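Report on one structure; see the data block that follows.
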Amino acid sequence: MPEENGGGCDGEHERAGSTEHELVLLAAGVADLAVAGLGRAVGGLRDLLSRADLGELAGAGRQEVRARGRLAVDRLASGPPARLEVLARRVVAARDTSSRS
């Protein structure tokens, strides 16, 4: 990897080294964010496993993930999702959740 100060190289080589250095810094920053997020996720998982209502919480989480998946698929489909359909699904999901409580 070229030195940051260029060490007597021409301007083009310095710019290429600067670009490589920038990419390395960006990759390191993304990796740091991922590790920090993983640490938070592990802490959250530890808290989650200590809950008494884990089964109920897992069921609600599954419903939430399915709803998000459905919305993502709808969003990526050929056209925009029907707004009333999305609202109706949210109402049904909210009723299901409130009736189980």
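The values are calculated or read from the model by the stated rules, or taken from the named source; none is laboratory data. Note that this is a predicted model, so its numbers are computed, not measured. A quick note on method: Cβ atoms are made from the backbone with ideal geometry, for glycine too, and the neighbour counts reach across all protein chains shown. Heads up: the accessible areas ignore ligands, DNA and RNA and are worked out on the full protein's heavy atoms, side chains in. Shrake-Rupley method; radii C 1.70, N 1.55, O 1.52, S 1.80 Å.
Of 10, 53, all but one fail to be of a type in the set (D, E, K, R), at pLDDT below 85 and open to solvent by less than 70 Å² (accessible area, probe 1.4 Å); the exception is 53. Criterion applied to 61, 79, 69 was being loosely packed, with under 10 Cβ neighbours inside 10 Å and either at pLDDT 90 or above or out of contact with any Ser or Thr (no Cβ under 8 Å at 6 or more places or on another chain) (or both), and the one residue passing it is 79. Cβ separations smaller than 8 Å between residues 6+ apart or across chains give the following pairs from the range 84-101 residues that are open to solvent by less than 80 Å² (accessible area, probe 1.4 Å) and in a helix (DSSP H, G or I) to residues that are at pLDDT 85 or above and not aliphatic (A, V, I, L, M): 93/63; 96/63; 97/63.
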